[in-house]
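Accompanying notes for the structure given below.
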C-alpha cells in the first residue's frame with residue numbers, strides 16, 4: 001500500500017480515537033408513532049420556568065411537578081398534531097405571519113421590533129414562530145373536533161334567551177360620549193344657567209364642532225380627557241338615565257340636557273353593535289355574464305366577445321338566454337347568470353364597485369376583474385331584518401363557549417387514554 005495513504009489512515013484513526021464523544025438526544029416519551037426527546041422537555045421547562053419567574057405573585061412548582069406537567073402537556077400536543085396530520089390540516093406562511101403581526105400589534109410593536117424583543121428575552125425567534133404555528137394547528141383541531149361534540153337543543157336555546165342572563169348576553173352594546181355640566185354644591189339658583197350652557201354646547205356640536213373637543217373643554221365628567229368617550233357598554237352597564245334613552249337613538253344623535261343630581265348631561269351615540277345594528281342587512285340581487293381569457297382567447301378577444309354579448313342583450317335578447325349559453329361562470333350560468341341575494345363585500349373589489357354603482361334593471365358596461373370580463377344587471381335590492389337570527393347566534397355562541405372547556409377536557413382525556421404512551425424518564 002502506498003506509504004502516504006497508510007500515513008493518512010493512521011492520522012484519521014488517531015483523530016477519531018481522540019474525538020469527544022457525541023451526545024445523542026435520548027427519547028423520553030413514545031407516543032404512538034412519534035417521540036418526545038429529552039431536549040424538547042428541557043427546552044419547554046426552561047421556557048415555562050422563565051415565564052413563571054416573571055410573575056412575582058405566582059409560586060413556582062417543584063422541578064419534579066413541573067417536569068410531570070410539561071410531559072403531559074407535550075403528550076397532548078403531539079396527539080393533537082398527529083390528528084392534524086391525518087386530517088391534512090396545514091397553516092400557511094401567510095396565516096402564520098398574520099398571527100405574529102397581530103401578536104406584535106397587541107404589544108404595540110411592529111414585527112421587526114417584536115422579533116428583537118423576543119430575542120432580547122433570550123428566546124429563539126424561529127422556535128417561538130414554530131411554537132405559534134403548532135398552537136394554531138392545535139386550535140384548529142380543537143375547534144373542529146370539540147365543537148362537533150357540543151349540541152345545543154332548541155329548548156335549551158329558548159330557555160336561555162328568556163333568562164335574565166340570556167337577555168344581558170344578547171343585548172346591543174352602545175358606545176357613548178358624554179358631557180357633564182356640573183352643579184355647584186348648594187347653589188339652586190344656577191340651574192337655568194347650567195341648562196343654558198348645556199343647550200349652547202348642543203347647538204355648537206350640531207353646527208359642526210367636534211363633540212370630543214367640547215367634552216375636553218367643558219365636561220366635568222370622569223372621561224372628559226378622553227373626549228367624553230365611555231367605551232362600549234351594554235344597557236345594564238350604563239347609568240339608568242342613559243340606558244332608558246340609547247335604544248331609540250340613531251348613530252351620531254345627541255340627547256340632552258338630561259338633569260340629574262350632578263347637573264346636566266349631554267350624550268352622543270358614537271356607534272352601536274348587536275342585533276339591532278347588525279340585524280338590518282342590505283341585500284342585492286344581480287346576474288352577470290363572465291367571459292374568461294384563455295390559451296386560445298386573448299384578453300382583447302375576451303373583451304370583444306363580452307361587448308358583443310352585451311350588445312345582443314341591449315338589442316332584445318334575454319339576459320338569461322345569453323348567460324346560459326355563453327357565461328363561463330359555472331356557478332351561475334345554468335341559472336341564467338343569477339347570483340341570488342347577497343350582502344355587501346363578498347365579491348372581488350372591481351365586481352363589488354360596479355354592483356354598488358348600478359341602478360335597478362340597467363345593463364352595466366363591460367368591466368374586468370381577476371376572473372375575466374363581465375357585464376351585470378342588478379335585479380333587486382332589499383333590507384332584511386336578521387335581528388332574531390343574530391340574537392340566536394349570539395346566544396348559541398355563548399352557550400357553546402360555556403360548554404367548550406368541559407367538552408375539551410373530556411375529549412383530551414379520551415384521546416390520551418386511547419393512545420399508546422411509553423414514558424421512559
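Quick notes on this one:
- Kirkwood analysis of the Cα pair distances in the stretch 49-113 returns a hydrodynamic radius of 15.1 Å.
- Between helix 93-106 and the chain: long-axis angle, C-alpha atoms, 0 to 90°, nearest 10: 60
- The stretch 228-328, relative contact order in percent, only Cα pairs under 8 angstrom and at least six apart counted: 18
- Separation of alpha-carbon centers, the stretch 141-195 and the stretch 216-252, rounded to whole Å: 13
- Percent of C-alpha pairs per 5 Å bin, the stretch 188-242, short to long: 4, 17, 19, 23, 22, 12, 3, 0
- Within the stretch 289-370, the percentage of alpha carbon pairs spaced more than 17 angstrom apart rounds to 50%.
- Cα pair distances exceeding 34 angstrom across the chain, given as percent: 65
- Sorting 371, 265 from the fewest to the most surrounding beta carbons within 10 angstrom yields 371, 265.
- Taking other Cβ atoms within 10 Å as a rough exposure proxy, 33, 312, 377 sort from fewest to most as 33, 312, 377.
- Crossing angle, helix 125-147 versus the chain [Cα axis fit, 0-90 degrees, rounded to tens]: 70
- For the residues 356, 195, 56, a GNM of the chain with alpha-carbon springs under 10 Å puts the largest fluctuation on 56.
- GNM top mover of 338, 229, 271 - the chain, alpha-carbon springs below 10 Å: 338
- Residue order for 362, 137, fewest other beta carbons within 10 angstrom first, comes to 362, 137.
- The stretch 361-384 and the stretch 62-134 have Cα centres spaced 44 Å apart.
- In this entry, the stretch 221-287 is assigned a mean projected area of 6.0 nm², taken as a quarter of its C-alpha convex hull surface.
- Relative contact order [Cα under 8 Å, 6+ residues apart], the chain, whole percent: 18
- Where Rh is the Kirkwood radius over Cα pairs, Rg/Rh for the stretch 173-273: 0.95
- Its relative contact order, with pairs defined as Cα atoms under 8 Å and 6+ residues apart, puts the stretch 151-280 at 37 percent.
- Helix 387-418 vs. the chain, principal-axis angle (Cα, 0 to 90°, nearest 10): 10
- The packing ranking of peptides 153-159, 345-351, 69-75, highest mean first, is 69-75, 345-351, 153-159, where packing means the average number of other beta carbon atoms within 10 angstrom of each residue.
- Each peptide in 166-176, 284-294, 242-252 gets a packing score, the mean of other Cβ atoms within 10 Å over its residues, and the list from highest to lowest is 284-294, 166-176, 242-252.
Computed from the coordinates by the stated procedures, all read-outs in this text should not be read as laboratory data. What you see is a predicted model; the values in this text were computed from it and never measured. Please note: Cβ atoms are built from the backbone with ideal geometry, for glycine as well, and neighbour counts cover all protein chains shown.
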